[in-house]
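K.L.:
The structure is given below, and queries will be raised subsequently.
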């Protein structure tokens, strides 16, 4: 039986004033299965085309923190899966932002995460 899931794409925004971004990951949340995971795929050369001075180490650290929040480690350890998803997808003005959350039905949220990274993040 399919379950409702939500997802958001993770976007790198090297220079906010230009409004340009590149998808670098995805987050999938399924409340019924208590599933929350993040997967990333960063094309460093494409990002450098948007901003040659982008600090990729800072981006990597931000992505690592985002994935830790999904796993429930680090500062987000004491929060529920739903709280973590809502915090991760809240609007922000930082180097990492997320798309609006979208919904769907799935039997396999991990497969949805793989599909999203394949179709929306990687070339």
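K.L.:
Within the range 43-70, track down each residue that is closer than 26 Å to residue 5 by Cα and touching a residue at least 12 places away in the same chain (Cβ under 8 Å). Walk me through how you get there before you give the answer.
P.N.:
So the first thing to find is which residues in the range 43-70 are closer than 26 Å to residue 5 by Cα, and the list is 62-70.
Answer for the range 43-70, where residues must be closer than 26 Å to residue 5 by Cα and touching a residue at least 12 places away in the same chain (Cβ under 8 Å): 62, 63, 66, 67, 69, 70.
K.L.:
Here is a follow-up. Taking the range 8-24, which residues are touching a helix residue (DSSP H, G or I) at 6+ places or on another chain (Cβ under 6 Å) and within 21 Å of residue 109 (Cβ to Cβ)?
P.N.:
Of everything in the range 8-24, those that are touching a helix residue (DSSP H, G or I) at 6+ places or on another chain (Cβ under 6 Å) and within 21 Å of residue 109 (Cβ to Cβ) turn out to be 9, 23.
K.L.:
Using beta carbons and a limit of 7 Å, which pairs, at least six apart or on different chains, have the first residue in the range 78-90 and touching a residue at least 60 places away in the same chain (Cβ under 8 Å) and the second one surrounded by 13 or more Cβ atoms within 10 Å (Cβ to Cβ) and in a loop (DSSP other than H, G, I, E, B)?
P.N.:
Cβ pairs passing all conditions: 89/101.
K.L.:
Could you name every one of the strands (runs of 3 or more DSSP E) located completely within the range 1-98 that has at least 1 residues being surrounded by fewer than 16 Cβ atoms within 10 Å (Cβ to Cβ) and out of contact with any strand residue (DSSP E or B) (no Cβ under 8 Å at 6 or more places or on another chain)?
P.N.:
Numbers: elements: 3-12, 22-30, 35-40, 96-98.
No strands (runs of 3 or more DSSP E) qualify here.
Every number in this text was worked out from the coordinates using simple rules, so none of it is lab data. Fair warning: this is a prediction, and the values are worked out from it, not measured in the lab. Cβ sites come from the backbone with ideal geometry, for glycine too, and all protein chains shown count toward neighbours.
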